[in-house]
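I have placed the structure first, in the form of structure tokens, so that the comments after it can refer back to it.
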Amino acid sequence: MRVAELLATLAAPAYITRVSVAKPKYVGKAAAAVKRAFQTQIDRKGFSFVEMLSTCPTNWGMRPADAANWVEEKMIPYYPLGDIKVPE
């Protein structure tokens, strides 16, 4: 279920984004998204939703590196990263 896109259809959310923390190259953007989400709420523009794609190698039965690659190869194409709704 694409929760971020579903919430973006509502009037109340001000900031909705999807990020990943599966690999180090994504972590900086994820941290910036969380900061922006808090700032959006502090500025009373509405509530924020940050969806994070991450791994669970234990439950997936994969090595951590394989799980991170799976997120990049399978999840990110289905759940694209980026801002879905931003404050006006």
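Can you give the log10 of the normalised intensity I(q)/I(0) at q = 0.11 Å⁻¹, computed with Debye over equal Cα scatterers of the chain? One equal scatterer on each Cα of the chain leads to -0.33. In the chain, the longest principal axis of the Cα atoms and the axis of helix 24-42 are about 20 degrees apart. By the rule of a C-alpha distance below 17 Å, with chain neighbours fewer than 8 residues away ignored, the lysines paired with residue 45 are 35, 85. Computed from point charges on the beta carbon alone (+1 for Lys and Arg, -1 for Asp and Glu), the dipole magnitude for the range 9-79 about its Cα centre is near 240 Debye. Please compute the length gained on full extension between residue 59 and residue 31, using 0.36 nm multiplied by the number of residues separating them and subtracting their Cα-Cα distance. Extra length from residue 59 to residue 31 when fully extended: 7.6 nm. Aspartates and glutamates within cross-link reach of residue 74: Cα-Cα under 13 Å, excluding same-chain residues under 8 positions apart? By straight Cα distance, residue 74 reaches 66.
Every number in this text was worked out from the coordinates using simple rules, so none of it is lab data. Being a predicted model, the structure only gives us computed values, none of them experimental. Using ideal geometry, Cβ is built from the backbone for each residue, glycine included, and neighbour counts are taken over all protein chains shown.
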